[in-house]
1. Return the residues of the range 78-98 that are among the hydrophobic types (A, V, I, L, M, F, W, C), in a strand (DSSP E or B) and more than 11 Å from the chain's Cα centre (by Cα); say none if nothing qualifies.
2. Could you grab the pairs with beta carbons closer than 6 Å, sequence gap of 6+ or different chains, first residue in the range 18-34 and on the phi > 0 side of the Ramachandran plot, second one aliphatic (A, V, I, L, M) and at pLDDT 95 or above?
3. Under 7 Å between Cβ atoms, which residue pairs at least 6 apart in sequence (or on different chains) link something in the range 94-109 that is without any contact (Cβ under 8 Å) to a residue 40 or more places away in the chain with a partner that is in a strand (DSSP E or B) and buried (at least 16 other Cβ atoms within 10 Å of the Cβ)?
4. Restricting to the range 99-118, count the residues that are more than 11 Å from the chain's Cα centre (by Cα), assigned to a strand (DSSP E or B) and either β-branched (V, I, T) or crowded, with 18+ Cβ neighbours inside 10 Å (or both).
5. Would you tally the residues in the range 35-77 being in a loop (DSSP other than H, G, I, E, B) and among the hydroxyl-bearing types (S, T, Y)?
6. So which residues in the range 54-87 are of a type in the set (D, E, K, R) and either touching a His at 6+ places or on another chain (Cβ under 7 Å) or in contact (Cβ under 8 Å) with a residue 40 or more places away in the chain (or both)?
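The values are calculated or read from the model by the stated rules, or taken from the named source; none is laboratory data. None of these values were measured; they are calculated from a predicted model. Here Cβ is always computed from backbone atoms with ideal geometry, including for glycine, and neighbour counts include all displayed protein chains.
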Amino acid sequence: MVRDQRRPHALLARLTGDRGEPFLPEVGQLYRVNTLIYGQDKAAARPVVVVCVPPSQGPKSPIRIVTRTSKHERGIKHPADKSLNLDRDGTFSVLVSAEQQLWRPENIQLLGVLPEPYLAQVIERFYS
């Protein structure tokens, strides 16, 4: 029998930064987020890319994000990228929303900017 060498999912996400005020991200930015900010998820933290930012600030205004998983799912395939702290191939597969009031330093960690052509493909599939 072959043992699965992947890391198990954590039950609770570790805080990624100091407590701080909510802020607006930019479209195309890639973050690792505490999954509690957008709802139920088996993982405690997950990479996401921002696909839409509300035009005005408001605590309940939704920030639209697409989650990335390393499981084989339907969506936009993306290779592992050490420069973005993504150590496995993955797929951008689910469009979700996070309230602005939860987009705070303690819930997120900026990984970088998703390069082309992946960003255009994700936006076209999930937000066009």
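1. Across the range 78-98, the qualifying residue is only L86.
2. Within 6 Å, the pairs are G28/V113; G28/L114; G28/L119.
3. From the range 94-109, the pairs are V94/V66; V94/T67.
4. Here the count works out to 1.
5. Qualifying residue count for the region: 4.
6. Answer for the range 54-87, where residues must be of a type in the set (D, E, K, R) and either touching a His at 6+ places or on another chain (Cβ under 7 Å) or in contact (Cβ under 8 Å) with a residue 40 or more places away in the chain (or both): K60, R64, R68.
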